[in-house]
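Student: Got a structure for you, questions after.
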Amino acid sequence: MKKIIIYHNPSCSKSRETLEILRSKVVDITVVEYLKTPLSFEKLSEIGKHFLPEDFVRKNEKTFKDLGLSITDRNAIYRAIEEDPNLMQRPIVICEGRAVIGRPPERVLELF
(Lines give C-alpha, C1' and ligand atoms only; values in the text may rest on other atoms or scores of the structure.)
Protein backbone atom coordinates (compact mmCIF):
# COMPACT_ATOMS: atom_id res chain seq x y z
CA MET A 1 0.00 0.00 0.00
CA LYS A 2 1.33 3.44 -0.94
CA LYS A 3 2.09 5.77 1.95
CA ILE A 4 1.02 9.34 1.23
CA ILE A 5 1.59 12.57 3.14
CA ILE A 6 -0.63 15.51 2.29
CA TYR A 7 0.16 18.97 3.59
CA HIS A 8 -3.42 20.10 3.84
CA ASN A 9 -5.38 23.29 4.44
CA PRO A 10 -9.03 22.34 5.09
CA SER A 11 -10.12 25.88 4.16
CA CYS A 12 -8.76 25.46 0.62
CA SER A 13 -11.11 23.89 -1.93
CA LYS A 14 -8.21 22.50 -3.99
CA SER A 15 -6.76 20.90 -0.88
CA ARG A 16 -10.12 19.34 0.05
CA GLU A 17 -10.61 18.03 -3.50
CA THR A 18 -7.11 16.55 -3.54
CA LEU A 19 -7.70 14.81 -0.22
CA GLU A 20 -10.95 13.31 -1.56
CA ILE A 21 -9.11 11.93 -4.60
CA LEU A 22 -6.54 10.36 -2.28
CA ARG A 23 -9.25 8.87 -0.08
CA SER A 24 -10.81 7.26 -3.15
CA LYS A 25 -7.59 5.27 -3.63
CA VAL A 26 -6.39 2.47 -1.42
CA VAL A 27 -3.59 4.35 0.28
CA ASP A 28 -2.23 5.05 3.74
CA ILE A 29 -2.73 8.81 4.15
CA THR A 30 -1.10 11.03 6.73
CA VAL A 31 -2.80 14.41 6.80
CA VAL A 32 -0.68 17.28 8.08
CA GLU A 33 -2.65 20.45 8.73
CA TYR A 34 0.36 22.73 8.42
CA LEU A 35 -1.52 25.82 9.62
CA LYS A 36 -2.16 24.10 12.97
CA THR A 37 1.27 22.47 13.08
CA PRO A 38 3.68 24.79 11.24
CA LEU A 39 6.62 23.16 9.52
CA SER A 40 10.21 23.77 10.56
CA PHE A 41 12.78 25.38 8.30
CA GLU A 42 14.39 21.93 7.90
CA LYS A 43 11.12 20.28 6.86
CA LEU A 44 10.33 23.13 4.45
CA SER A 45 13.80 22.74 2.92
CA GLU A 46 13.22 19.01 2.50
CA ILE A 47 9.82 19.49 0.85
CA GLY A 48 10.91 22.52 -1.15
CA LYS A 49 13.70 20.64 -2.94
CA HIS A 50 10.99 18.97 -5.05
CA PHE A 51 9.81 22.27 -6.52
CA LEU A 52 10.96 25.46 -8.12
CA PRO A 53 10.68 28.28 -5.58
CA GLU A 54 8.06 30.07 -7.67
CA ASP A 55 5.88 26.94 -7.52
CA PHE A 56 6.40 26.29 -3.80
CA VAL A 57 5.49 29.74 -2.48
CA ARG A 58 2.25 31.67 -2.93
CA LYS A 59 3.85 34.75 -4.41
CA ASN A 60 0.55 36.60 -4.78
CA GLU A 61 0.03 36.68 -1.01
CA LYS A 62 0.26 40.12 0.56
CA THR A 63 2.92 38.88 3.01
CA PHE A 64 5.18 37.79 0.15
CA LYS A 65 4.99 41.27 -1.35
CA ASP A 66 5.27 43.06 2.00
CA LEU A 67 8.45 41.15 2.86
CA GLY A 68 9.97 41.95 -0.53
CA LEU A 69 11.01 38.33 -0.94
CA SER A 70 13.13 37.29 -3.88
CA ILE A 71 11.89 34.23 -5.70
CA THR A 72 15.51 33.09 -6.05
CA ASP A 73 16.29 33.06 -2.30
CA ARG A 74 15.05 29.67 -1.12
CA ASN A 75 16.26 30.14 2.45
CA ALA A 76 14.40 33.45 2.80
CA ILE A 77 11.28 31.80 1.38
CA TYR A 78 11.53 28.89 3.84
CA ARG A 79 12.04 31.30 6.77
CA ALA A 80 9.02 33.35 5.64
CA ILE A 81 6.84 30.22 5.33
CA GLU A 82 8.05 29.08 8.75
CA GLU A 83 6.71 32.39 10.16
CA ASP A 84 3.58 32.52 7.96
CA PRO A 85 2.52 29.04 6.75
CA ASN A 86 -0.12 30.62 4.49
CA LEU A 87 2.73 31.41 2.10
CA MET A 88 3.23 27.73 1.24
CA GLN A 89 1.49 26.51 -1.90
CA ARG A 90 -1.17 23.93 -1.21
CA PRO A 91 -1.87 21.12 -1.15
CA ILE A 92 1.44 19.33 -1.35
CA VAL A 93 1.36 15.55 -1.64
CA ILE A 94 4.41 13.34 -1.15
CA CYS A 95 4.65 9.65 -2.00
CA GLU A 96 7.74 7.47 -2.16
CA GLY A 97 10.19 10.32 -2.67
CA ARG A 98 8.05 12.13 -5.26
CA ALA A 99 5.95 15.23 -4.69
CA VAL A 100 3.26 17.19 -6.49
CA ILE A 101 1.19 20.26 -5.79
CA GLY A 102 -2.51 19.45 -6.16
CA ARG A 103 -3.34 22.30 -8.53
CA PRO A 104 -5.38 21.08 -10.20
CA PRO A 105 -6.30 18.33 -7.72
CA GLU A 106 -6.05 15.64 -10.42
CA ARG A 107 -2.26 16.16 -10.51
CA VAL A 108 -2.09 13.87 -7.50
CA LEU A 109 -2.87 10.97 -9.84
CA GLU A 110 0.67 11.34 -11.23
CA LEU A 111 1.82 9.60 -8.04
CA PHE A 112 -0.09 6.40 -8.87
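Student: In percent, how large is the relative contact order of the chain, given Cα pairs closer than 8 Å and 6 or more residues apart?
Tutor: Relative contact order of the chain: 35 percent.
Student: Of Lys3/Lys36; Lys3/Lys65; Lys2/Lys36, which sit over 29 Å apart, Cα to Cα?
Tutor: Flagged as over cut-off: Lys3/Lys65.
Student: Give, as a single signed number, the net charge of other residues whose beta carbon lies under 12 Å from the beta carbon of Pro53, with Lys and Arg counted +1 and Asp and Glu -1.
Tutor: +1
Student: Now for a different question. Among residues other than Lys14 whose Cβ falls under 13 Å from its Cβ, what is the net charge (Lys/Arg +1, Asp/Glu -1)?
Tutor: +2
Student: Between 0 and 90 degrees, rounded to the nearest ten: what's the tilt of helix 74-83 against the longest Cα principal axis of the chain?
Tutor: Result, in degrees: 80.
Student: In a Gaussian network model over the chain where Cα atoms closer than 10 Å are linked, find which of Leu67, Leu35, Leu19 has the largest mean-square fluctuation.
Tutor: Leu67
Student: Consider just the alpha-carbon atoms of region 16-91 and return their Rg together with their Dmax, both in angstrom.
Tutor: Expressed in Å, the Cα Rg and Dmax of region 16-91 come to 13.4, 43.
Student: Once the whole set of protein chains is in place, how much accessible area is left on Arg23, using a 1.4 Å probe, in Å² to the nearest 10?
Tutor: That residue has around 140 Å² of solvent-accessible surface.
Student: Would you mind getting the accessible area per residue of the chain, heavy atoms of the protein chains only, 1.4 Å probe, in Å²?
Tutor: 55 Å²
The values are calculated or read from the model by the stated rules, or taken from the named source; none is laboratory data. Not measured: the values here are computed from a predicted model. Positions of Cβ are backbone-derived with ideal geometry, glycine not excepted, and every protein chain shown enters the neighbour counts. For the accessible areas, the whole protein counts, side chains as well, though only heavy atoms, and no ligand, DNA or RNA atoms are used. Shrake-Rupley method; radii C 1.70, N 1.55, O 1.52, S 1.80 Å.
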